1. Gaussian network model of the chain, Cα springs within a sub-10 Å range: biggest mean-square fluctuation belongs to which of N116, N64, N91?
2. Could you point to the residue in Y134, I124, P17 farthest towards the positive end of the chain's charge dipole, with +1 and -1 charges on the Cβ of Lys/Arg and Asp/Glu respectively?
3. If Lys and Arg each add +1 and Asp and Glu each add -1, what is the summed charge of the other residues whose beta carbon sits under 9 Å from the beta carbon of I73?
4. How high is the FRET efficiency from I3 to S113, r the C-beta distance, R0 25 Å, rounded to 0.05?
5. Rounded to the nearest 20 debye, what is the charge dipole size of the range 1-116 about its Cα centre when +1 sits on each Lys and Arg Cβ and -1 on each Asp and Glu Cβ?
6. So if R0 is 22 Å, what FRET efficiency would N18 and Y39 give, r being the distance between their Cβ atoms, rounded to the nearest 0.05?
7. Using a Gaussian network model of the chain whose springs link C-alpha atoms within less than 10 Å, name the residue from K24, K95, K33 with the highest mean-square fluctuation.
8. Pairs of Cα atoms under 8 Å, at least six residues apart: use those to get the relative contact order of the range 2-133, whole percent.
Amino acid sequence: MYIKNDTFKKKTTFYSPNICSIYKWKLFIRAWKSYDSTYTTFQIYIKEIHKGDWHFYSQAYDSNGNSLNIISIKNDVNFNTHDLEEHYGLNVDRKYLEDSVTTGIEIRLYGDSNRNIFIPGAYIKGLLLKIDSYNK
């Protein structure tokens, strides 16, 4: 896990390891916590690099039928390789993550193309334990 402290913004950012096995893609959970707060904000981060058409994901649902708030963070084109790069965030709360520790999280992204992703429960548990053990 990578942890970054910003003494000017007075916040700590946590980045869990990338768990995506596809080359150049990223799937991880990041979290933010202000120095003066006990509340932590969590986001599942997805980065896809591919050729062809944009996926333009606009909806996300987990395997329990819960709609997740999806945010398009950035879309970019690498003009040297002609790769398309899409970055998305799924905002979730701590309770959602805690409830997924035993089963993991299976999510389907919907757009011009659909994609399934899975985050193992042990990965989520490790992230929460690391954040809880960190004192700033």
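FYI, it's all coordinate maths here, none of it is from the lab. Bear in mind that the values here come from a model prediction, so they are computed numbers and not experimental data. Cβ sites come from the backbone with ideal geometry, for glycine too, and all protein chains shown count toward neighbours.
1. Residue with maximal mean-square fluctuation among N116, N64, N91: N64.
2. Farthest towards the positive pole: Y134.
3. Working: positive: K47, K74; negative: E86.
With Lys, Arg at +1 and Asp, Glu at -1, the net is +1.
4. Approximately 0.15, to the nearest 0.05.
5. Its charge dipole is roughly 460 debye.
6. Approximately 0.30, to the nearest 0.05.
7. For the chain, modelled as a Gaussian network with Cα springs under 10 Å, the answer is K95.
8. Numbers: 265 pairs, mean separation 25.2, N = 132.
Reported relative contact order: 19 percent.
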